[in-house]
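Please read the structure below before turning to the comments.
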Amino acid sequence: MIRKLKDTFKRVYGDEAEKTFFAPGRVNLIGEHTDYNGGNVFPCALTFGTYALTRKRNDKKIRFYSDNFEALGIVEVNIDEIEYNKDHDWANYPKGVIWAFENNGMKIDSGFDILFYGNIPNGAGLSSSASIEVVTGVVLKDLYNFPIEMVDIAKLSKTAENQFIGVNCGIMDQFAISMGKKDCAILLDTNTLKYEYASIVLDGASIVIANTNKRRGLADSKYNERRTECETALKDLQKSLHINSLCELNEEEFEKNRHLIKDAVCAKRAKHAIYENQRTLKAVKALESKDIELFGKLMNASHVSLKDDYEVTGIELDTLVEIAWNKSGVIGSRMTGAGFGGCTVSIVKDECVDDFIKNVGQEYKSKIGYEAIFYVAQIGDGARKLN
């Protein structure tokens, strides 16, 4: 595939690519919509993601091309004129990272040509946008010898998404993609950025991702609305409690103080964040104790909370999950990502994986009217330069 991309680079830009980079997609096993509420998340990097091929230039031009969006052609900008442009579509993501680097004192003195290709299903909720951002950060670090750590690339990628793109996301996606490790998930405290790797030993079971094939865009979904609802709940609680984020509370403390939240909907949103944070900590302990059944039950409970208290699932995700729950060999299943479409993640016994994909796929199509796509996930390393 790299050979083919090198050929495309030469065809598009008329010269050979000099360097190749990769950043994975990610799936979050549990801990959804906790990351901007100061809670814990438990994502892992995947083996598919975004490739970037580059060549430095001697002028001030930066040229972007994506093999996934051929119709858009080359998007060309000047280093000194990096600003959001709706017509530039996907290219605003790498532009945002360049903008964030420059705003943090890392001046780019000459341009470059870059070709992107991603094999993450676009809009599936496996973080294609964060993957583009992080791979751009790794490219800039290498091309211009910037002394920046991977954690800081994650932070600047988040800044790009928040301030340049205008999506109020948390740090999880960029962190998992930057810091991923083969066969491990990351327990990340999004409040402190303390993290630890946990080996994923599923003992005869596999992670199966199912894409609903319902496209969803974070910026125009209700993501920012949910975030505002959580902030409103936090402000109400802060009138009596000394807390900086919702997830500083446990279930008992929340129930004792729930009455402080004036709006019933905001109280439901806060409940999800706080209970989900505690579920995530319990799930990691279950994995450490090799109690996969308990891990699965916590995944199921996570989905119910995302459906009833956070209301971010929708008919496609609920259908996939509810069909999965009734299939033999399924240890747990839940939506993953922001919601409103995208993907589910299930843990399925190895001997049942083929039947799971076939039967869940058939039932989903008969109920929804179009097909889901399934991937048996391999957990891979984080973003890097390829030799």
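For segment 12-61, the candidate set comprises residues that are acidic (D, E) and assigned to a loop (DSSP other than H, G, I, E, B); within that set, the residue that is surrounded by the fewest Cβ atoms within 10 Å (Cβ to Cβ) is D59. Selection within segment 274-310: residues that are without any contact (Cβ under 8 Å) to a residue 24 or more places away in the chain and not in a helix (DSSP H, G or I). The member of this set that is surrounded by the most Cβ atoms within 10 Å (Cβ to Cβ) is D291.
Of all residues assigned to segment 148-160, at least one qualifies as being among the hydrophobic types (A, V, I, L, M, F, W, C), crowded, with 18+ Cβ neighbours inside 10 Å and free of Cβ contacts under 8 Å to residues at least 40 places away in the same chain. So is N224 outside any loop (DSSP other than H, G, I, E, B), among the polar types (S, T, N, Q), within 16 Å of G337 (Cβ to Cβ) and assigned by TED's automatic domain parsing to the domain that holds K349 or not? Taking the combined requirement at face value, the residue satisfies it.
Taken together, G166, G217 contain a single residue that is at pLDDT below 95, within 29 Å of I82 (Cα to Cα) and assigned by TED's automatic domain parsing to the domain that holds T313, which is G217.
With respect to (1) assigned to a strand (DSSP E or B); (2) surrounded by 16 or more Cβ atoms within 10 Å (Cβ to Cβ); (3) more than 26 Å from the chain's Cα centre (by Cα), the lone exception for E76 is condition (2). Criterion first (over 17 Å from the mean Cα position of the chain (by Cα) and loosely packed, with under 14 Cβ neighbours inside 10 Å) does K86 satisfy it? The answer is yes for K86.
Put simply, of F22, F64 the only residue that is among the hydrophobic types (A, V, I, L, M, F, W, C), free of Cβ contacts under 8 Å to residues at least 60 places away in the same chain, within 15 Å of I114 (Cβ to Cβ) and touching a strand residue (DSSP E or B) at 6+ places or on another chain (Cβ under 6 Å) is F64. Take the residues of segment 338-387 that are out of contact with any strand residue (DSSP E or B) (no Cβ under 7 Å at 6 or more places or on another chain), hydroxyl-bearing (S, T, Y) and within 12 Å of N213 (Cα to Cα): which is surrounded by the fewest Cβ atoms within 10 Å (Cβ to Cβ)? Top of the filtered list is Y370.
Listed here are the residues, each with its yes/no results for (1) at pLDDT 95 or above; (2) touching a helix residue (DSSP H, G or I) at 6+ places or on another chain (Cβ under 7 Å); (3) under 19 Å from N37 (Cα atoms).
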position	(1), (2), (3)
R279	yes, yes, yes
K282	yes, yes, yes
K285	yes, no, no
E288	no, no, no
D291	no, no, no
L298	yes, yes, no
Y310	yes, yes, yes
T319	yes, yes, no
E322	yes, no, no
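Of the residues making up segment 237-295, those that are among the small types (G, A, S) and out of contact with any Leu (no Cβ under 6 Å at 6 or more places or on another chain) are S245, A264, A267, S289. In segment 210-222, the count of residues that are surrounded by fewer than 23 Cβ atoms within 10 Å (Cβ to Cβ) and at positive phi is one or more. Within segment 199-216, the presence of a residue that is assigned to a helix (DSSP H, G or I) and either without any contact (Cβ under 8 Å) to a residue 40 or more places away in the chain or within 30 Å of S328 (Cβ to Cβ) (or both) is excluded.
The values are calculated or read from the model by the stated rules, or taken from the named source; none is laboratory data. Worth saying up front: this structure is predicted, and the values here are computed from it rather than measured. Note that we place each Cβ from the backbone using ideal geometry, even for glycine, and neighbour counts take in every protein chain shown.
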